[in-house]
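Nothing in this text is a laboratory measurement; each read-out follows from the coordinates by a stated rule. Because the structure is predicted, anything quoted here is derived from the model rather than measured. Ideal geometry is used to build each Cβ from the backbone, glycine not excepted, and the neighbour counts take in all protein chains shown.
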Amino acid sequence: MTNFRVGIIGAGYVSAHHLRALKSIASVQVVGIADLDLDKAEAAAKAFNLPGAYGSVEELLASGVDVVHVLTPPPFHAEVSIQALQAGAHVLVEKPMAETPEQCERMMAAASSSGRTLGVVHSARLDPIVLRGVEIVRGGGIGEVLSLDFHRSSDYPAWPGGGKLPPQYRKGSYPLQDLGVHGLAIAEAFLGQVTSAEIDFRSTGLDSNLVFDEWTARVNCERGQARLYLSWNVRPIRSQVIVHGTRGVMQIDCFLQTCYVTKLLPGPKFASPVICAMRNSAASLYEVPRNVLRFMTKRLPGAPGIHQNIREFYAALEQGTAVPVTPEEGRRLVMAMAPACEEADRQRDALRQAQLTPRPPADVLVTGAGGFLGGALVRRLLQEGARVRAGVRRIPGDPLPGVDYFAGDLGDPEYVDVLVDGVDTVFHVGAAMKGSPADFQRGTTVGTRNVIDACLKHRVQRMVYVSSVSVLEHAVCRVGKVTEAWPLEPHAELRGAYTQTKLEAERMVMAAAKERGLPAVVIRPGVIFGPEVEPSCPAGGFAMFGRWIVVGNGSLPLPLVYVDDVVDALLLGSSRPGLEGALVNLVDPALVTQREFIQIAQAAKPKIKASYIPKLVLMTASVGIEALGRLLKRSVPLSRYRIRSIRPLHNFDQAAAQQQLGWTPRVGVAEGLRRTFPVPQALQSSTLPQ
């Protein structure tokens with residue numbers, strides 16, 4: 001048995017799959033992992049008990065390795081692989097083999113001149129369930145294969161923002177190189193070598209960073225044609241292959257690891273699909289739970305194709321036979337993708353250049369201009385004759401005339417720098433409202449830091465930051481009016497990502513005003529409501545299973561404020577002198593309870609369903625949910641602290657709003673509710689505050 005000293009280059013997410021596969025091979029000793037981010041390399045080394053972690057390729061190669069796995073982003077595949085081959089190591093490089101055919105050829109030449117072996121990871125083609133399908137075809141299970149459909153949807157790990165855009169967002173071709181190569185490799189497995197491919201791509205605009213998120217391809221192979229569909233929007237995520245033959249159709253689900261055939265049977269035409277559907281349904285009732293159990297017990301590894309690819313690669317090294325995926329195959333698929341990759345990159349570069357081109361000067365900038373409050377503010381500014389620049393995630397379908405819409409991500413510092421340049425006043429309204437913790441970090445915390453830095457760099461006259469009363473401590477019952485000195489949330493991490501990131505952002509703005517001279521004022525609105533937005537569950541409750549769940553009997557007053565009144569306050573905050581460093585709570589003094597608000601909302605929208613659940617019941621349920629979260633090592637939506645903190649604050653002091661801003665509600669809660677909901681006359685007199 002040959003013993004291989006193996007090094008890993010690249011500590012991204014795929015490295016874990018490679019390391020798990022390598023640990024199952026007796027002839028392999030992993031001696032170290034390298035990454036430009038040494039912290040990532042050290043974390044991976046610790047997780048997999050590796051003897052070495054390195055911050056450069058040179059250090060890893062100097063440690064003495066026989067085989068190197070190149071798991072870097074595709075732009076570095078060729079350079080790193082050639083370096084390792086020339087150092088005398090065999091190389092297994094992740095897909096795609098390289099970005100261009102020319103790079104592939106240089107890698108092949110380096111392997112030839114060094115006498116080392118070069119292999120490529122095409123894990124989808126070597127997925128065990130795909131190999132089972134290939135065996136069925138070879139055995140004549142569906143007759144002669146005519147065509148194939150490959151459907152794959154995906155998403156990328158949420159970007160926390162800051163620094164350069166990640167590789168998947170920097171290159172227009174990244175999605176095709178990432179997943180298109182899987183479809184091409186599977187097409188070759190069933191239809192022979194790819195001879196040509198017509199590839200189209202488009203943007204839905206659903207993700208301002210991933211420019212081209214929908215891809216289709218018509219692929220000509222030696223024995224038929226394949227159609228590929230790649231999407232970063234289709235949910236739930238799927239990975240399916242449909243193989244069409246003269247005597248049957250085979251459906252492969254790579255996620256569920258199932259393979260079913262609908263084939264031609266003797267008898268009437270309708271009998272074949274009926275019998276096969278019943279048989280396949282019965283089989284799925286057994287196979288799907290079985291595969292889930294195998295995955296949970298780790299008998300079925302994640303990314304099983306990677307494991308198969310690696311096992312066969314080392315078997316080939318030991319036996320001196322051809323590797324499972326040759327460089328010739330890798331180059332062929334790169335060549336098929338090359339024209340579309342070049343065009344996608346060209347268009348992406350042009351879009352990025354346009355995005356970073358300075359905009360015409362404007363009086364004001366509104367971030368989050370595509371949202372409810374931001375949109376209302378933009379409309380008011382237009383009415384007052386201001387030149388408005390609007391920061392949005394994507395250009396609206398019905399843009400307002402005269403507004404300079406500028407699409408991008410607040411987590412991108414280069415975009416924010418251009419966004420702020422050339423404006424006098426910045427209304428920073430934008431923040432993340434949903435998504436993963438990384439989405440909140442990027443959209444709220446990092447986005448605010450980027451806006452602060454840009455405001456200071458470009459010397460804006462005033463920055464008005466929209467915070468939230470959710471940053472205040474809610475769990476502890478205190479006596480007295482809620483003033484600007486009310487304690488901040490001491491356990492924001494237990495309240496959820498929204499509260500946590502809004503608190504971090506507010507603290508950054510206040511610190512920048514105090515320590516860096518940022519001319520900023522912070523306004524903390526209560527619960528903003530108004531027309532043109534779907535009503536949400538009021539404070540002190542949450543939405544679940546299509547219902548509003550209210551903690552308690554609904555008798556607590558809500559900290560409401562009408563959207564037009566908030567806009568009034570923002571404009572005052574931008575224009576009144578001497579407000580630098582000021583912080584103002586903004587809540588209408590009128591009192592409306594949770595139950596009253598819900599009754600009004602239900603009268604206008606009968607589909608709204610609400611339930612009032614005693615606090616003790618929810619506290620008891622949260623104990624079990626917390627235990628389940630600890631068992632699964634996941635965050636949970638309900639905890640005891642969240643239940644204690646869910647009660648709405650009320651009795652807000654109006655002094656700062658009146659004295660510093662000169663603000664009193666112009667519309668008010670009562671009139672605001674009438675404008676928002678077509679409230680019946682009976683409710684107007686009995687429910688609305690007078």
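The table for this structure:
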quantity	calculated
Anchor K615: lysines whose Cα lies under 27 Å away (excluding residues fewer than 8 positions away in-chain)	K434, K481, K502, K605, K607, K633
D_trans [Stokes-Einstein, Kirkwood Rh over alpha-carbon pairs] for the stretch 356-432, 10 °C, 1.306 mPa s, µm² s⁻¹	131
Neighbourhood charge, 13 Å Cβ-Cβ cut-off, centred on L300 and excluding it, Lys, Arg +1 and Asp, Glu -1	+3
13 Å beta-carbon shell around D349, net charge (K/R +1, D/E -1)	+2
Candidate lysines for bridging to K23, where Cα separation is under 17 Å - those fewer than 8 sequence places away on the same chain excluded	K46, K298
Lys/Arg +1, Asp/Glu -1 at C-beta; the stretch 526-690 dipole; positive extreme among P637, P589, T676	P637
Mean Cβ count within 10 Å, highest first, over the residues of peptides 271-284, 77-90, 557-570	557-570, 77-90, 271-284
Structure-derived Cα extents along the principal axes in Å - corresponding label in (1) 85, 63, 49; (2) 149, 62, 45; (3) 139, 46, 44	(1)
Placed amide H near V121: partners under 5 Å, 5+ positions off or other chain	V93, E94, K95
3J(HN,Hα) from dihedral phi, the stretch 50-58, Karplus parametrisation 6.51/-1.76/1.60, rounded to Hz, x for glycine, proline	8, x, x, 9, 10, x, 8, 5, 4
Packing-based order for 116-127, 295-306, using average beta carbon neighbours within 10 Å, highest first	116-127, 295-306
Estimated 222 nm signal from helices in the chain, with DSSP H stretches of n ≥ 4 weighted -39500 (n - 2.57), rounded to 500	-12000 deg cm²/dmol
Relative contact order of the chain, pairs being alpha-carbon contacts under 8 Å that are 6 or more residues apart, as %	10
Cα-centre dipole for the stretch 413-488 with unit charges at Cβ (Lys and Arg positive, Asp and Glu negative), debye to 20	260
The stretch 146-218: trypsin sites (Lys or Arg not before Pro) falling in loop per DSSP and having at most 14 other Cβ within 10 Å	K164
Value of Rg to Rh for the stretch 526-690 (Rh from inverse mean 1/r over Cα pairs, i.e. Kirkwood)	1.04
Farthest positive-ward along the chain dipole, Cα basis, beta-carbon charges - from T262, F545, P74	F545
Shape category assigned to the stretch 108-165 from the gyration tensor of Cα positions, a/c cut at 1.5	oblate
Long-range amide H partners of A53 with built H, under 5 Å	I33
Sorted by Cβ density within 10 Å, fewest first, the residues C455, C254, C477	C477, C254, C455
The stretch 462-621, dipole about Cα centre (Lys/Arg Cβ +1, Asp/Glu Cβ -1), debye to the nearest 20	380
For the chain, with +1 on Lys and Arg beta carbons and -1 on Asp and Glu, the positive-most of A354, G192, T499 along the dipole	T499
Cβ charges +1 (Lys, Arg) and -1 (Asp, Glu), total dipole of the stretch 356-432, debye	280
Surrounding net charge for L256, when Lys and Arg each add one and Asp and Glu each subtract one, Cβ distance under 15 Å	+2
Karplus 3J(HN,Hα) series, Hz, for the stretch 410-419 with 6.51 cos²θ - 1.76 cosθ + 1.60 (x for Gly, Pro)	5, x, 8, x, 5, 5, 5, 4, 6, 4
Of all DSSP beta bridges in the chain, antiparallel share, percent nearest 5	40
Derived scalar couplings ³J(HN,Hα) [the stretch 313-319; Karplus, 6.51 cos²θ - 1.76 cosθ + 1.60; whole Hz; x for Gly, Pro]	5, 6, 4, 5, 4, 5, 8
